[in-house]
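Remarks on the structure that follows.
The values are calculated or read from the model by the stated rules, or taken from the named source; none is laboratory data. Please read these numbers as outputs of a predicted model, since none were measured by experiment. All Cβ positions, glycine included, derive from the backbone under ideal geometry; neighbour counts span all protein chains shown. The protein model used for the area step is the full one, side chains on, heavy atoms only, and it has no ligands, DNA or RNA in it. Shrake-Rupley method; radii C 1.70, N 1.55, O 1.52, S 1.80 Å.
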Amino acid sequence: MEIFAGALPALGEAWALILQPTVIGYLFLGVLLGLCVGVFPGLGGIAGLSLVLPFMFGMEPVYGLALMIGMLAVVPTSDTFASVLMGIPGSSASQATVLDGFPLAKRGEAARALSAAFASSMFGGLVGAAFLTLFILVARPIVLAFGLPEMLMITILGLSMVAVLAGRIALKGLAAAGLGMLIGTIGVADAGGSLRMASYDFPYLTDGLKLVIVGLGIFAIPEIVSLLRQDRSISKDAKLGAGWTAGVRDWFNNKWLSMRCSVIGVIVGVIPGLGGSVVDWIAYGHTVQTTKDKSKFGKGEIRGVIGPESSNNAKEGGGLVPTLLFGIPGSGSMAIFIGAVALLGTGSIEVGPQMLKSNLDITYSIVWLLALANVLGTLLCIAASGGIAKLTTIRFTYLAPFLFMLISFAAFQSGQNFEDLLALFVIGLIGIFLRRFDWSRPAFLIGFVLSDPVEKFTNQAFQVASFRFRKSFEEGMDYVFSPIVIVLIVITLLSVIVGMRQAKKILSEGESVAGKKRAPLIFLILVSAYITIALVNSSMIPDYNMTDKIVPLVIGGIALLCCLILFAQMIMRPEGDAIFADTEIAGDDAEAPHGLWATLSWLASLIIATYFVGFILALIGFMLSFFRIRAGASWGKTLLLTAVGIAFMCLMAGALNRDFPPGLLQGAVDLPWPLR
């Protein structure tokens with residue numbers, strides 16, 4: 001009771017702290033910065049917080065917190081613009097929104113999708129703030145109850161969403177997830193340091209592939225290339241639609257779905273290391289499972305926007321729980337947040353239990369700031385939507401160079417290596433063929449995202465469980481099968497069973513027509529060949545490093561088995577069967593006036609030119625030639641658009657203190673910024 005008695009006055013003091021006009025001003029500035037950062041794909045909260053980090057030193061604590069919380073709260077809202085309007089995941093937490101948000105934009109219902117998303121985001125953010133208030137009081141025993149087996153089961157629950165998103169051919173979805181997990185294991189193993197599908201002769205792969213690159217490559221590149229081939233606007237009828245109020249009504253009609261997904265967001269956000277990477281997929285899977293008519297998912301089902309958007313904002317409140325209670329960063333942005341809090345004021349504020357004891361008013365001011373920032377951010381996004389949504393009516397040929405520019409820049413920031421651009425191109429190529437042959441890209445991405453936590457928690461839980469079993473069988477069983485684990489196992493099994501039944505109705509890659517055997521068979525053989533090579537590579541790891549090889553061997557074995565069964569089915573079934581789905585046979589891609597390789601060569605030319613002369617010089621040549629030759633623009637329009645693109649790129653890089661990819665020229669000649 002003493003805790004509750006002490007909390008009430010602290011809540012009042014926190015409210016008085018944040019109602020100061022200066023604090024509101026800093027909050028508004030943070031929201032504005034978050035909107036600007038979130039609109040651009042691949043940047044996210046880490047880049048935004050990095051931008052304001054230098055200004056935190058010595059700043060009045062509540063001012064600095066207002067600035068940071070304002071930014072953190074609105075990024076998951078504003079990244080919806082890229083997901084809905086361009087088909088590009090604005091961040092790792094908005095990948096599921098693309099599946100139904102982008103088809104809505106292409107139908108001319110961008111306004112409806114955005115307003116439903118913003119209403120869901122605001123509600124989820126408020127739910128997250130409310131839960132954070134309660135969690136600060138009661139969550140300590142709950143969070144501490146989650147050991148390694150529980151965290152492993154939460155990860156497996158996220159992986160079970162593959163069953164829902166596997167598509168019409170479940171084996172393709174399972175194989176895609178396995179391929180994603182194997183690609184996620186590339187590099188140095190955490191447990192024993194063994195190299196997997198990597199070599200120190202090519203050091204780039206030793207660190208593995210970054211989520212930003214894989215997310216952009218799997219979703220952004222295929223959609224940009226597809227729209228560019230069709231040479232039209234994103235929305236076919238070039239109408240935004242009068243759907244602003246309709247979207248809010250959609251949210252209100254699905255308010256209980258929004259509530260459930262918000263709770264999912266909070267719970268997953270509480271667990272460090274999961275958060276934004278998996279929460280939208282769990283929410284999307286739940287949304288599909290609880291919808292009677294599942295045939296519309298992947299083609300513009302508004303519930304497919306409401307569910308993920310509710311969860312990804314609510315997870316910010318959940319993510320602050322381990323951060324504020326224990327000083328444990330739940331994500332990369334929370335790690336920067338902890339470091340920034342230490343710089344505030346005299347440096348006496350320390351995130352963790354000490355903060356709850358000595359600065360409870362500051363702690364609760366974070367709660368109120370989070371709630372206010374969500375409301376303010378939603379209003380600001382709605383106000384800006386009219387102008388931003390008009391992007392869907394512009395001929396896509398004029399947008400594509402800017403998108404290629406942004407995703408190349410974002411990919412480079414993940415590792416600051418030229419090889420990041422090569423990885424983006426290769427993963428983009430994989431994404432194009434997964435999309436073409438109806439292999440589930442969401443399943444691939446879920447596999448990639450969860451490969452690291454599955455391996456980490458499996459190894460750690462195995463080691464601890466082995467020690468417990470050596471003591472006694474009963475103690476080992478109690479550790480492995482705790483009540484929380486049993487509940488999670490039941491939920492996971494139900495998710496898989498229900499998901500497998502419903503998967504055929506959920507077309508995550510949209511409608512596709514079956515074609516001839518040759519192209520799908522060749523792609524299957526290539527996938528099988530990579531999985532086989534990865535298996536052989538893992539088997540060569542010495543047995544004393546068994547922890548480094550067991551997960552790739554098990555996952556690779558299952559994926560290869562799926563591929564072999566698929567191969568047998570393709571040999572036996574006649575042409576025209578659904579297993580031979582190919583978007584190049586019929587549909588938008590088949591009728592596109594421009595070919596795949598000719599279109600993809602434009603991105604390849606930008607990357608190749610960057611290798612020789614650096615990014616900015618390559619970008620100038622790329623934009624001039626693209627607008628003049630591919631878009632057929634006049635010289636005046638070409639020069640103007642190129643100047644706007646270069647100026648914007650330099651302004652953003654300067655503001656974020658980011659570097660451009662250098663080339664051989666920069667290594668030989670000392671050039672001034674931004675050419676260096």
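Mind listing the long-range amide H neighbours of Gly663? Cut-off is under 5 Å, sequence gap 5 or more, other chains count too, H placed in the peptide plane at 1.01 Å from N.
Gly614, Phe615
What does the net charge come to around Leu132 if you take all other residues with beta carbon closer than 12 Å to its beta carbon, with K and R at +1 and D and E at -1?
Taking every Cβ under 12 Å from that of Leu132, the sum is 0.
Hey, what do the phi angles of the range 446-454 turn into as Karplus ³J(HN,Hα) couplings, whole Hz, using 6.51/-1.76/1.60 and θ = phi - 60°, x for Gly and Pro?
4, x, 5, 4, 8, 4, 5, x, 4
Whole number in Å², please: accessible area per residue of the range 529-676, 1.4 Å probe, ligands, DNA and RNA not counted.
50
Once you order the gyration tensor axes a ≥ b ≥ c over the Cα atoms, which shape class does the range 406-452 get: rounded for a/c under 1.5, otherwise prolate or oblate by comparing a/b with b/c?
oblate
Would you tell me the accessible area of Lys255, worked out with a 1.4 angstrom probe on the heavy atoms of the protein chains, in Å² to the nearest 10?
70
Could you pull the accessible area for Leu526 with a 1.4 Å probe, rounded to 10 Å²?
Per-residue accessible area (Leu526): approximately 110 Å².
Kindly sort Asp293, Asp478 by accessible area of their heavy atoms, largest first, with the probe set to 1.4 Å.
Descending accessible area places them as Asp478, Asp293.
Give me the percent of the accessible area of the range 382-502 that comes from carbon and sulfur atoms, probe 1.4 Å, all protein chains in place.
That fraction is 69 percent.
Kindly flag which residue pairs out of Lys106/Lys296; Lys471/Lys549; Lys106/Lys292; Lys255/Lys315; Lys172/Lys296; Lys172/Lys516 have an alpha-carbon separation exceeding 22 Å in this structure.
Lys471/Lys549; Lys106/Lys292
Among 284-291, 661-668, how do they line up from the highest to the lowest mean number of other beta-carbon atoms within 10 Å?
284-291, 661-668
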